[in-house]
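Participant: Structure provided below as structure tokens; questions to follow.
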Amino acid sequence: MAKENTTLATDKTKMRSRPLAATLILTVGVVLLGVSVMIAISFGAADITFNDVWRAVFSFDASSHEQQVIRELRLPRVLGALLVGASFAVAGAIMQGMTRNPLADSGLLGLNAGAVLAMAVCFAFFPNTSYGMLIVFSFLGAAVSVALVFGIGSMAKGGLTPLRLVLAGAAVSALFGALSEGIALYFRIGQDLAFWYAGGVSGTRWSHLAILVPVVVLAIGGAITISRSITLLSLGEDIATGLGQKTKHIKLFGTLIVLVLAGSAVSVIGPVGFVGLIIPHLTRYIVGVDYRFIIPCSAVLGALLLIWADLIARTINPPYETPIGALIALIGVPFFLYLARKERRTL
């Protein structure tokens, strides 16, 4: 029986995976990331030449105003967008693979709202908290949200279904959003939370990246490590169990990775949704169902999406900035409605 399951799972994965397309995305995507970073650094309220960007990165002159803007403001901002985009995309890919739910996304399932509520509590009761502790609070808030969503969704007859998961996520998001607003009004911290509600990476600094980079890199590395097991889970829990996978351990480790990625991303940009919904579907359409390809390709495409969304957000209506969350929602909402109406699931 195990041998038959192995053959079935291998055949399904081979039929629907495209390693050549994945290799192309990774190679071209990395080049495009480098070009996009240079473009994003160069354009803004004050346009800066590529030569200034190059010198600011490789031969920094502290007396140059343009190079100071690049080094202290734009470069950490763009790198922050890169990390956040990769985090949201990989978190969404893992959630969709583990739950076999095409609507899974950290925003739709309440993780982002939980992280924001935890930050509201942090601002209200621990106003001088360091950025490292802020990330820890975000993790805890996202964890509470996950527990509530899965608990509520599992209470009805028939168990946890994709629709119930989304409905439970919407309910928990509404509850946590209301609590966050209440805390903001009562403790008068609305201005502190406004940045996270709107969504943006303008406040990213090198001190934030010093904590964010190792956390995100390790989490994405862990996601790649369990990518084969995620592939088997996406084909069905019975198949994964028949192949000797310890599904409970994989789900626990995958959930921890999602919490780390979603919590750290929200601590930087706020509760931006739909990145983890759109990118994994786009990636799966291009490279197939093998999560050994989906996870790294999602990281690259998610990073590209956030870099360009941030660039458009600060150049579409200068000198004002448009919230990134609003721009991505213009794509994400129609995409979500399309998936919700779609009868066949391709996970």
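The values are calculated or read from the model by the stated rules, or taken from the named source; none is laboratory data. Worth saying up front: this structure is predicted, and the values here are computed from it rather than measured. Heads up, the Cβs are rebuilt from the backbone with ideal geometry, glycines too, and the neighbour counts pull from every protein chain shown. Please note that ligands, DNA and RNA were not included when accessible areas were found on the heavy atoms of the full protein model with its side chains. Shrake-Rupley method; radii C 1.70, N 1.55, O 1.52, S 1.80 Å.
Participant: Farthest toward the dipole's positive end in the chain, which of Gln68, Leu26, Ile152, given Cβ charges of +1 (Lys, Arg) and -1 (Asp, Glu) about the Cα centre?
Facilitator: It is Ile152.
Participant: Given a 1.4 Å probe, how much area per residue of region 36-191 is accessible, in Å²?
Facilitator: Heavy-atom SASA per residue in region 36-191 reads 44 Å².
Participant: Okay, moving on. Find the relative contact order for the chain and round it to a whole percent, using C-alpha pairs within less than 8 Å whose residues are 6+ positions apart.
Facilitator: Averaging sequence separation for qualifying contacts and normalising by length gives 33 percent for the chain.
Participant: Right, something else. For the Cα atoms of the chain, what angle does the longest principal axis make with the long axis of helix 275-287, in degrees from 0 to 90, nearest 10?
Facilitator: Orientation of helix 275-287: about 60 degrees from the principal axis.
Participant: In whole Å, how far is the Cα centre of region 295-333 from that of region 87-161?
Facilitator: 21 Å
Participant: Something else about it: Quick check on region 132-273: take the gyration tensor over C-alpha atoms, sort the square-rooted eigenvalues as a ≥ b ≥ c, and tell me if it's rounded (a/c under 1.5), prolate or oblate.
Facilitator: It comes out oblate by the Cα gyration axes.
Participant: Follow-up. From the phi angles alone, apply the Karplus equation (6.51, -1.76, 1.60; θ = phi - 60°) to region 330-340 and give each ³J(HN,Hα) in whole Hz, x where the residue is Gly or Pro.
Facilitator: Once θ is set to phi - 60°, the couplings for region 330-340 become 4, 8, x, 5, x, 5, 4, 5, 5, 5, 5 Hz.
Participant: How would you classify region 19-162 from its alpha-carbon gyration tensor, with a ≥ b ≥ c the square roots of the eigenvalues: rounded for a/c under 1.5, else prolate if a/b is greater than b/c, otherwise oblate?
Facilitator: oblate
Participant: If you don't mind, another one. Considering only protein heavy atoms and a 1.4 Å probe, what is the carbon-and-sulfur percentage of the accessible area of region 111-221?
Facilitator: About 73 percent, which is the carbon plus sulfur part of the accessible surface.
Participant: Would you grab the residues whose amide H sits under 5 Å from the one on Gly288? Only those 5+ places off in sequence or on another chain, please, with H modelled 1.01 Å from N.
Facilitator: The answer is Arg18.
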